[in-house]
Structure formats: structure tokens, C-alpha cells
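Report on the following structure.
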Amino acid sequence: MPHHYQDLITLFDDCFLADYNTCLRGGYPEPEYLPADASEPHHRILFTRDYFRSALHEVAHWCVAGPERRLLPDFGYWYAPDGRSAEQQRTFEQVEVKPQALELIFCLAAGHRFDVSTDNLSGEATDPAPFRARVREQARAYLSGGLGERPQRYSAALLAHYRPGVAWSALLDEV
């Protein structure tokens, strides 16, 4: 089945616009989360251009963020840009394990290829293998121990749309 970013928008908005006043939108030069304000009544998850994986990654960050953080631009986090030192990269990877584990689950549900994103092309070289292992371990923990309500809802919608008839339990075998 083809993977169109517009499907992700439709599925997300069907799942969350009414209950969480949050919409997913593509076509932006950089990803960003913006809470509702005087000029925009909805919270907005903005993803890069029309990139399927960017949309899933940003949704994963939204799923990790608690209610207070969802009221802050970019969930109140500071982002260290590309060009990080090895120590900064380790800190980045610690913060990224949970969202990238959810992104992995979303990719599995959608039948889309996944690999971790170290997002540090011009920084100090590090071995991505330990990070990859931690992301997969966290994904297995989520799938065996239960996802939160939002990631469960979205991954179920992805699975029904992209892989109808595939049992939820099959995702654990694919991690």
C-alpha cells in the first residue's frame, strides 16, 4: 500500500481533533509544535514538508508530552541542532528513546521502514548501534506492557488503515 502523508493527517485528525483539539499539518520547512492561541483555535503539530516519517516522529513527541507540556511551544524543550559533540549526542539520544520507540511502533503499524534518527550529520561521529538497541527495547516494553491511550489510538488507526487484518500482537514479533 502506498504511504501518503495526507493519510496520516486524516487519521490523526479523526483520532484527536475533537478530543484533544490538536491537528497534524505538513508542508513546513521545520517541524514544530504550537499550542492554540488567539489567532489559531487548535493545537498544531507541524511536520517537515510532506515527509511521512517526519509526521510520525512529531506525533510520537506529542504522544510522549504530558498535558502541561502540550500547552507550550515545542513542548517547552530546547533542541540542540546538528553539530553536537559526543556528550551532547548522548543527551539527545536519552531524550529521544521514547519518542523514537513510538515512531518505530507507528512505522510497524503502517508497514513503513524505520531506522533511528541520530540527527547529527555534521557532529562528532558516534556509534548508533547502542541507541538503536535502546529504541527497540523501549518499543518492546511499550508493546508488551501497554501503550498510553494516545499512542494506542493512533497506532490502532494506522494498523487498521495500512495493514487491515494484522493482529496487534504481531507488531511485537516485528520489533
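Note on the range 67-107: residues that are of a type in the set (Gly, Ala, Ser) and out of contact with any helix residue (DSSP H, G or I) (no Cβ under 9 Å at 6 or more places or on another chain) total 3. Restricting 40, 30 to residues that are surrounded by fewer than 18 Cβ atoms within 10 Å (Cβ to Cβ), more than 18 Å from residue 7 (Cβ to Cβ), at pLDDT 95 or above and in contact with a strand residue (DSSP E or B) (Cβ under 8 Å, 6 or more places away or on another chain) narrows the list to 40.
Among the residues of the range 90-107, write down those that are among the β-branched types (Val, Ile, Thr) and out of contact with any Phe, Trp or Tyr (no Cβ under 7 Å at 6 or more places or on another chain). Of everything in the range 90-107, those that are among the β-branched types (Val, Ile, Thr) and out of contact with any Phe, Trp or Tyr (no Cβ under 7 Å at 6 or more places or on another chain) turn out to be 91, 95, 97. Scanning the range 13-27 for residues that are open to solvent by less than 80 Å² (accessible area, probe 1.4 Å) and either over 16 Å from the mean Cα position of the chain (by Cα) or of a type in the set (Asp, Glu) (or both) gives 13, 17, 20, 21, 27. Please specify each residue of the range 8-34 satisfying the condition of being within 16 Å of residue 63 (Cβ to Cβ) and touching a His at 6+ places or on another chain (Cβ under 8 Å). Residues satisfying the conditions are 11, 17, 20, 21, 22, 23, 31, 33.
Is it true that residue 66 is open to solvent by less than 80 Å² (accessible area, probe 1.4 Å) and either touching a Ser or Thr at 6+ places or on another chain (Cβ under 6 Å) or at pLDDT below 95 (or both)? Judged against the criteria, residue 66 is not a match. Could you tell me whether residue 144 is small (Gly, Ala, Ser), surrounded by fewer than 15 Cβ atoms within 10 Å (Cβ to Cβ), over 14 Å from the mean Cα position of the chain (by Cα) and modelled with pLDDT of 85 or more? Judged against the criteria, residue 144 is a match.
The values are calculated or read from the model by the stated rules, or taken from the named source; none is laboratory data. None of these values were measured; they are calculated from a predicted model. We place every Cβ from the backbone using ideal geometry, glycine too, and count neighbours over all the protein chains shown. Heavy atoms of the whole protein, side chains included, go into the accessibility calculation; ligands, DNA and RNA do not. Shrake-Rupley method; radii C 1.70, N 1.55, O 1.52, S 1.80 Å.
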